[in-house]
Number of protein chains: 4
Amino acid sequence: MDNKVTMENQEGRRLTYAMVGGGKGSFIGPIHRMAIRMDDLADLVDGCYSHVDDWHALIERCRGKIDFLAVCTPNDSHYAIAKAALEAGMDVMCEKPLSMSLAEATELEAIARRRRRILGIPFTYSGFPMVKLARDLVARGELGKIDKIVLEYLQGSFRKIDFSKPLDKRNAWKMDPRKSGPSCVVADIGVHGFHLIEHVTGLKVGSVLADLSSFAPGNRLDDDASILLRLSGGAKASFVVSKVATGEENGVRLRVYGDKASLFWNQEANNYLSVKHPFGTEQIYKRNAPYVAAISETSARLSRIPAGHHEGFIEAFANIYREFCAAVRDRKAHDFPGPREGVRTMRFVEAVLRSNKNGNRWEKI
Amino acid sequence: MDNKVTMENQEGRRLTYAMVGGGKGSFIGPIHRMAIRMDDLADLVDGCYSHVDDWHALIERCRGKIDFLAVCTPNDSHYAIAKAALEAGMDVMCEKPLSMSLAEATELEAIARRRRRILGIPFTYSGFPMVKLARDLVARGELGKIDKIVLEYLQGSFRKIDFSKPLDKRNAWKMDPRKSGPSCVVADIGVHGFHLIEHVTGLKVGSVLADLSSFAPGNRLDDDASILLRLSGGAKASFVVSKVATGEENGVRLRVYGDKASLFWNQEANNYLSVKHPFGTEQIYKRNAPYVAAISETSARLSRIPAGHHEGFIEAFANIYREFCAAVRDRKAHDFPGPREGVRTMRFVEAVLRSNKNGNRWEKI
Amino acid sequence: MDNKVTMENQEGRRLTYAMVGGGKGSFIGPIHRMAIRMDDLADLVDGCYSHVDDWHALIERCRGKIDFLAVCTPNDSHYAIAKAALEAGMDVMCEKPLSMSLAEATELEAIARRRRRILGIPFTYSGFPMVKLARDLVARGELGKIDKIVLEYLQGSFRKIDFSKPLDKRNAWKMDPRKSGPSCVVADIGVHGFHLIEHVTGLKVGSVLADLSSFAPGNRLDDDASILLRLSGGAKASFVVSKVATGEENGVRLRVYGDKASLFWNQEANNYLSVKHPFGTEQIYKRNAPYVAAISETSARLSRIPAGHHEGFIEAFANIYREFCAAVRDRKAHDFPGPREGVRTMRFVEAVLRSNKNGNRWEKI
Amino acid sequence: MDNKVTMENQEGRRLTYAMVGGGKGSFIGPIHRMAIRMDDLADLVDGCYSHVDDWHALIERCRGKIDFLAVCTPNDSHYAIAKAALEAGMDVMCEKPLSMSLAEATELEAIARRRRRILGIPFTYSGFPMVKLARDLVARGELGKIDKIVLEYLQGSFRKIDFSKPLDKRNAWKMDPRKSGPSCVVADIGVHGFHLIEHVTGLKVGSVLADLSSFAPGNRLDDDASILLRLSGGAKASFVVSKVATGEENGVRLRVYGDKASLFWNQEANNYLSVKHPFGTEQIYKRNAPYVAAISETSARLSRIPAGHHEGFIEAFANIYREFCAAVRDRKAHDFPGPREGVRTMRFVEAVLRSNKNGNRWEKI
């Protein structure tokens, strides 16, 4: 009767999950929980939310009892928790970046493959229905051969910090190399942008040239980057990503230019997608309008309510979880970012860091 | 630990509810369920979704066992179901319009009062955080004395119908006076607009002058209306509402002009609110930005995620339910539309119909 | 060689003109002059700019020597000056409203016809290229049968006045019935809106129902109006016009809904026109893009520079003058508002005033 | 009486000018002429419009008789014509790029200085009133220390070409190294972007890293570029410029991020400027609103009509000419781009070409 998504595991029980992290003051933990609840995908049965170090005990406790573990901790523990959970036979949804290093990401990918476990990474922007439409328009050849991509991911969050006082917990770990890893802005949000480019265009980034900066007072890690990318097929991309773009909230804006048409998607107006041709009017697609379904079954399927009634960030997040839980249920691939994307994004992070260190020269990824 | 809203009834149990209507093909039923789940407000324990006529049995079954009943049926059964549920001691969330007539609405209000039951009506637009901010800006005197209101509620849904074929179920009942009542567009979405005006401005509509039309082929009810309103304090409003505004999806756009400032809210860009003063820059407020909380505690409290990460229609709906469930739990008033608003909107509908019938003259509401 | 418009009169001389009004502090006088100069249409050879009362002498002086007179004075002298100029054998471009009363407008129309003189009225908004495109789309049947029109013309100019001090000259005459006539906002800018509706839709307004207000302190004339209109073919319009819409600059926004498509034009983004169909993407037309010329020769002809390089208010004004000067040169009709539009707009003003006086009932125009 | 700008030369005569280029099919020639006429700055008294090679004779003819020469030819003749005109004692307005090489630009600067001639270059975007406001906001310290600049200049003009046919004249010379010089897109529109950055921020670009592409079929010159810039004070810029950005018209969009605030200007909505602070609402400034004058006298002075009545590209062009003609009249500096800007933009072009040739490494400019 209901249009909710029914998710049961192979034994016919409703899916269950536990969570590490996501306690008081967490941004992302509640989003995981709301997203899962909205579509009634799974029941939260255990967790160590604010006492993250208790994760070993949690995994022991949950062994054989839950379907998946959601990892919402700072970067430095992703690898160890995900590894332990996979090896305990759990599927895992692990926050980005997947790990502190490419080596760790590669190892997690191998473990997941060996153990036949599902590993998901919530690159949220690929969950927006209009991003799926963008991807499917490209795949149908609507844009022709893609030549140029322009991507911005601009936040001003580090401008809201009063640096004369001790940093609050969330900002503190993001600027701390021990917690955040060798990169701040590139590992934290740059990976979203990188994934978005590859997801929408279907092209592979071959090399990068990056110029990193640390503009926030006392910040030892990158908080701003300008990155050039060369992609398969000869396409080029220009990508700026920042946490010091004063006054920006979450400015993810993607432009893709092919030789037949172009597209523009702005996360802060996510229910729309603009497509432009050389000799016709600009066309504004609206989420879940009837003509969308004819082009992108996925875009329609991942929409809940009609055009004009907007869906937002939590819904996009839930779309990632829908596909992930379907994989948990079916034990086969679905449309969500997994270990391959986790490895590629870590390749990207390391290539960016090398390029910056080596005088902004091109580095293969 | 969690930032979810914990809702328990007076006996310390989680809230439970049942639903009438909202089965296959329903627009609004799934929204009720998703909204409730997103914030983990209550558990759905019973329902007659597609076999609406079984509501008597449902109420009998649930008597004493559920906290509230969600009524998602066509207009003609709202009154009877709500009445029976209230008299069975249940709280009720009943879709708009509350009833087919003012008399019925008045009776429901009386029953709810006498039985001390909570009766909610999801006038969704009043659940958007930026509408709460608008209301609170007005209440603080930011706009000064309000003189003029311009409201549009423009849909093009009736232009998407192929009238050469039998109507689908949803459109059929909306155009059928026996199911829809004496009004279509005014009762269906005009009541949202009326409520939005009174909710944001705090003014009371005193009289209306309305010109109704039926532009859709074969439609015997109103599908387009131009309505003038006179409000307390001498303010005037111009309101257009339509289901034949070709190409519009859900165009709710509110402008309020005071003698000190004005505001503009567009549902299709609901995370923003524009405020204009005679001698300063236009100011764009963003949902859940730090400066919003300083003005409107409610706007901040009814937001889940930071500015730049958009919330949409389901979240606004969930906000109505949050406040409703808090009332169910606390047995006292909270910030959601109830019987008073139900009665006023039905007064509005009847006054509009009288005005149109009487040569578009002014009618008191 | 040049793409400038070459304008010569029947004797092969460049056109010449004189101006009454438009002196220091004038808004509209300089616009007339800039518009004429931009396209090199005519030479200004005489004028009484700040000493408006010298117009009799000016007309005597210029008799037989100029091609046309531009009348940029307050409303109360339009009739007398235009009449004298027409009778002196001059063509006339007269600011709106054409006169203080319908009777005067009718008389001017008759004089112009009898004397075979060209009389133009700068209803500027009809000079915008995207308005021409809108008109031509409607004329081609792109929208189908038009059912509903929603028009706003919202200014906040009267909110910028400090009423504790003497009014400046421009505001003073607009609020003074002796200078402004029996209406302020309707005669001053309402006529623009009325003309825009008839120009774009090709329909004729048959009757009006109006509710006028005077919100500005001490204002004896209307500064705000809500007007309902019934048009030929059964279409209806809702029109709000105001000078007390705090914070608005010059908010002319037109929506036209047909049974096949709709259009939206916003003067404050005048280089674009949005067209929406029930089952396709929203389409954004851009001024002077190649596909525009294929639909509207006029829209392309009245554009000077390519899409992406915006034209504005002065250019639209110049378009009115281009067509007017072509008529002066050719002694035949061109595409600009003339006596017929002057008379119709005065009919509208008088019908609005009657409706408001008679308890907001319908009045024929 | 008039608000037109009165321009006379040192002998008390109205300014006069001649033009080379700007004949049939020219984009920019008519804009020069319309801009000059709109503000009544000077009279066009001679020219070789379509027979550009006749410029020697023209200069001879006009020697001592005109105040300035407007050079609207393809790039390859800028240097020779400007040089001859300066040496003939004329002031010169020369289209961008000033020359084919830095050496030529440097020589022109020296000649102008030695001969005490005025040399102007119409970097149009610096003539928009809201760009002047942007510059003045930065100069007042409103943005604090500038860290990051993001600039796009995106056109899709080369996507409108049918490469299976012979190119039309305008596109042909832009892709021909003999006519266009060693660069196409960077020299043609990249210089506008470079100038805009330095004009608004007051910072100096120290070095560039550029990656050029030729995506249009058969194009031997650059038609797309991604450029990183390092500026004085430690600021960094990311700049993308293209003629193959399919569907873009003239997408000049500037974002400047300081440690206190940021600004955003979009040429295709040129009458607005957005300013964002970390803890306040986004503020939209509107051209010629009263509060603009209080911040930027220049922005107000270079506006002709009130906020809400838009000005566009021709008006911005006219602003460059206003200042240039004032310099011609006064024989002293005014607010327009001259030889210094011409030299700097050519330095930029050459550094970009070197960087691209040298494996995209940093090059000093």
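The values are calculated or read from the model by the stated rules, or taken from the named source; none is laboratory data. The shown structure was predicted, so the numbers you read here are calculated from the model rather than taken from an experiment. Cβ atoms come from the backbone with ideal geometry, glycine included; neighbour counts cover every protein chain shown.
All of B:263, B:302 fail the test of being within 14 Å of chain C (Cβ to nearest Cβ) and among the aliphatic types (A, V, I, L, M), apart from B:263. Exactly one condition in (1) surrounded by 20 or more Cβ atoms within 10 Å (Cβ to Cβ); (2) among the hydroxyl-bearing types (Ser, Thr, Tyr); (3) free of Cβ contacts under 8 Å to residues at least 12 places away in the same chain is false for residue A:164; which is it? The single condition residue A:164 does not satisfy is (1). Checked against (1) surrounded by 24 or more Cβ atoms within 10 Å (Cβ to Cβ); (2) away from every other protein chain (no Cβ under 11 Å), residue C:101 meets all criteria but (1). Report whether or not residue A:71 is surrounded by 21 or more Cβ atoms within 10 Å (Cβ to Cβ), in contact (Cβ under 8 Å) with a residue 24 or more places away in the chain and away from chain B (no Cβ under 14 Å). Spelling it out, residue A:71 is indeed surrounded by 21 or more Cβ atoms within 10 Å (Cβ to Cβ), in contact (Cβ under 8 Å) with a residue 24 or more places away in the chain and away from chain B (no Cβ under 14 Å). Of the residues that make up the range C:278-286, is at least one away from chain B (no Cβ under 14 Å) and under 21 Å from the mean Cα position of the chain (by Cα)? Within the range C:278-286, not a single residue is away from chain B (no Cβ under 14 Å) and under 21 Å from the mean Cα position of the chain (by Cα). Screening the candidates C:292, C:200 for the property of being surrounded by 21 or more Cβ atoms within 10 Å (Cβ to Cβ), more than 19 Å from residue B:245 (Cα to Cα) and more than 8 Å from every other protein chain (Cβ to nearest Cβ) yields one hit, C:292. Among the residues of the range C:145-161, those that are in contact (Cβ under 8 Å) with a residue 60 or more places away in the chain, of a type in the set (Lys, Arg) and at the interface with chain B (Cβ under 7 Å from one of its Cβ atoms) comprise C:148, C:159. Here the range C:266-277 is the region considered, the condition is being under 20 Å from residue C:311 (Cα atoms) and surrounded by 20 or more Cβ atoms within 10 Å (Cβ to Cβ), and the residue that is nearest to the other protein chains (Cβ to nearest Cβ) is C:270. Residues that are surrounded by 22 or more Cβ atoms within 10 Å (Cβ to Cβ), in contact with a Cys (Cβ under 7 Å, 6 or more places away or on another chain), closer than 25 Å to residue D:237 by Cβ and more than 10 Å from chain D (Cβ to nearest Cβ) are absent from the range A:245-256 altogether. In the set (1) more than 9 Å from chain D (Cβ to nearest Cβ); (2) under 19 Å from the mean Cα position of the chain (by Cα), the condition left unmet by residue A:242 is number (1).
Being closer than 30 Å to residue A:304 by Cα and among the hydrophobic types (A, V, I, L, M, F, W, C) is the requirement here; does residue A:111 meet it? No; evaluated as a whole, the condition is false for this residue.
Looking only at residues of the range A:78-98 that are of a type outside the set (Gly, Ala, Ser) and touching a His at 6+ places or on another chain (Cβ under 8 Å), we find that the one that is surrounded by the fewest Cβ atoms within 10 Å (Cβ to Cβ) is A:95. A count restricted to the range D:170-187 and to residues that are surrounded by 24 or more Cβ atoms within 10 Å (Cβ to Cβ) and out of contact with any strand residue (DSSP E or B) (no Cβ under 9 Å at 6 or more places or on another chain) stands at 3. Can you say whether residue C:326 is over 30 Å from residue A:291 (Cα atoms), among the hydrophobic types (A, V, I, L, M, F, W, C) and buried (at least 23 other Cβ atoms within 10 Å of the Cβ), as far as the supplied structure shows? It is false that residue C:326 is over 30 Å from residue A:291 (Cα atoms), among the hydrophobic types (A, V, I, L, M, F, W, C) and buried (at least 23 other Cβ atoms within 10 Å of the Cβ). Residue count for the range B:220-278 under the criterion of being in a loop (DSSP other than H, G, I, E, B), closer than 19 Å to residue B:189 by Cβ and of a type outside the set (Lys, Arg): the result is 11. Looking only at residues in the range D:31-78 that are among the charged types (D, E, K, R) and not in a helix (DSSP H, G or I), the one that is farthest from residue C:318 (Cα to Cα) is D:63.
For the range B:136-161, the set of residues classified as of a type in the set (Lys, Arg) and surrounded by fewer than 23 Cβ atoms within 10 Å (Cβ to Cβ) consists of B:140, B:145, B:160, listed by residue number. Being touching a strand residue (DSSP E or B) at 6+ places or on another chain (Cβ under 6 Å) and closer than 18 Å to residue B:312 by Cα is the filter here; which residues of the range A:260-284 pass it? Within the range A:260-284, A:265, A:266, A:267, A:272, A:273 qualify.
For the range C:1-22, residues that are at pLDDT below 95 and either under 30 Å from residue C:168 (Cβ atoms) or within 9 Å of chain D (Cβ to nearest Cβ) (or both) total 4.
Scanning the range A:108-159 for residues that are in a helix (DSSP H, G or I) and closer than 29 Å to residue D:277 by Cα gives A:124, A:125, A:157, A:158, A:159. Of the candidates C:218, C:233, C:206, the single residue that is more than 9 Å from every other protein chain (Cβ to nearest Cβ), surrounded by fewer than 24 Cβ atoms within 10 Å (Cβ to Cβ), at pLDDT below 95 and over 23 Å from residue D:289 (Cβ atoms) is C:218.
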